[in-house]
Amino acid sequence: MKRDEQEAPKQEGQEGRSGEIRTGVLEMTRKGRGVLRPRTTGFKRSPQDPAVSHGAISRFNLRPGNWIEGIVDRGRGGQWQVKKILKVNGLDPEEWAEVEEYSERDALTPDEQYVLETGPEDYSMRVIDLIAPIGKGTRGLIVATPRSGKTVLLQQMARSIGKNYPDSRIIALLVDERPEEVTDFKRKLADVAEVYASPNDGDISDHTRVSQLAMAYAHRWLEVGEDVVVLLDSLTRLGRAFNVGTKGSGRTMSGGMDARGMEIPRKIFGSARKLEPKGSLTIMATCLIETGSRMDDVIFHEFRGTGNMELVLDRRLSDLRIFPAINIAASGTRNEERFFSEEVLKAHHAIRRHLTRMQPVEAMEALLKALREHKSNKELLDRMLMVANAGS
């Protein structure tokens, strides 16, 4: 878990005493006021949420999503106010005031891999490491048909990154998902990830608000140099929510999509990047296909090709209960050569060339068989390299 979660417990979004320390995530209201929302309740609004003055926002260059620790007091009318700001995203407020926004800084191509493999039988993560590796700063799209295993894959990614990279901050953002799925995420990932959700029994305004605040929260940690991973389920439902919730342009595209409906979702997905000298935001987002909805098809085509990594899940595999149901030939990562030495890259290419000659089902069965015969990806890659060198 991150350092701010290991500190002594502080009141967060609760009614308490004057002079005590409270923490929360800064939200800017429509009236331009700043309010600290509790992270522990998924940013739910409460009359007990302390306000942050215009003066403090201006003085310390505060932005939506800032994680703030401060001393609170009762103001006029009994409203809680942040009397003194102690920390902003772990920094002294004066130090935070000099932090540049991520969008004003150069975005770099990811060159450091998130290795997901955690053990010999961790087949799904081993497959991703070999076929479509994820880097720090990857903008990844998981293209999924219904019931193809996307939710399980996201949970496995969170657990693998949490185990192998405990200093990375993992955020799961669930938009318009079933309430029971939200509960499942929270219970299974409680020790490795922060889960923010707007379930499908909520309002459209809740979907857009929670999504924007959670992403702003991720951006602020990126700006102070942290490695942040956002697992977004799903871009499709995010797009639907903003299509309904955004003030229309008056022009309707195919599938009932407003011409401006994808502006904010595109910005959210496009914010994944690696920064210099440190800091990265990795986004792994699911996108639904073959749902029978024309709008879903339009949303998929809006995002297709905008990432630098794509993982395509194949219904033919999932119907046969072959997992991970990844279409190997259709999946891959751009600039993956930045992650590996020349020799290791040669072995990766040998595996891909061998598997892409096969049909999707045959290819995954062959890869899983090879993984079962080798205790680690390194062992398999060494074997493939030896074979490749012998044949050259």
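Assorted remarks:
- Residues 60, 269 arranged by fewest to most Cβ contacts within 10 Å: 60, 269
- Neighbour-count order for 302, 373, 104, 290, fewest beta carbons within 10 angstrom listed first: 104, 373, 290, 302
- Over the chain: helical MRE at 222 nm, DSSP H runs n ≥ 4 each giving -39500 (n - 2.57), nearest 500: -11000 deg cm²/dmol
- Within the range 113-387, percent of DSSP bridges classed antiparallel, to nearest 5: 25 percent
- Helix axis angle, 204-223 relative to the chain longest principal axis, alpha carbon, degrees: 80 degrees
- If you run the Gaussian network model on the chain, springs between alpha carbon atoms under 10 Å, then out of 30, 139, 321 the most flexible one is 30.
- Among the trypsin sites (Lys or Arg not before Pro) within the range 322-387, those in coil by DSSP and having at most 13 neighbouring Cβ atoms inside 10 Å are 357, 375.
- Sites residue 40 and residue 100, calculated FRET efficiency, Cβ-Cβ separation with R0 30 Å, nearest 0.05: 0.50
- Nearest 10 degrees, 0 to 90: helix 179-188 Cα axis against the chain principal axis: 80 degrees
- In terms of its Cα atoms, the range 13-80 spans 27, 26, 21 Å along the principal axes, sorted from long to short.
- For the range 148-182, GluC sites (Glu not before Pro) meeting the loop criterion (DSSP other than H, G, I, E, B) and having at most 13 other Cβ atoms within 10 Å: none.
- Added length on full extension, which subtracts the Cα-Cα distance from 0.36 nm per residue, residue 278 to residue 33: 85.0 nm
- Between helix 235-245 and the chain there is an angle of about 40 degrees, using the helix long axis and the longest principal axis of the Cα atoms.
- In plain terms, the C-alpha convex hull of the range 128-237 casts an average shadow of 7.0 nm² when viewed from every direction.
- Extent along the principal axes, Cα only, for the chain: 79, 44, 37 Å, with the longest axis given first.
- Ordering 376, 198, 318 by the number of other Cβ atoms within 10 Å of each residue's own Cβ, fewest first, gives 376, 318, 198.
Every read-out reported here was derived from the displayed coordinates using simple, explicitly stated rules and does not represent laboratory data. The structure displayed is predicted, hence computed values, not measured ones. Using ideal geometry, Cβ is built from the backbone for each residue, glycine included, and neighbour counts are taken over all protein chains shown.
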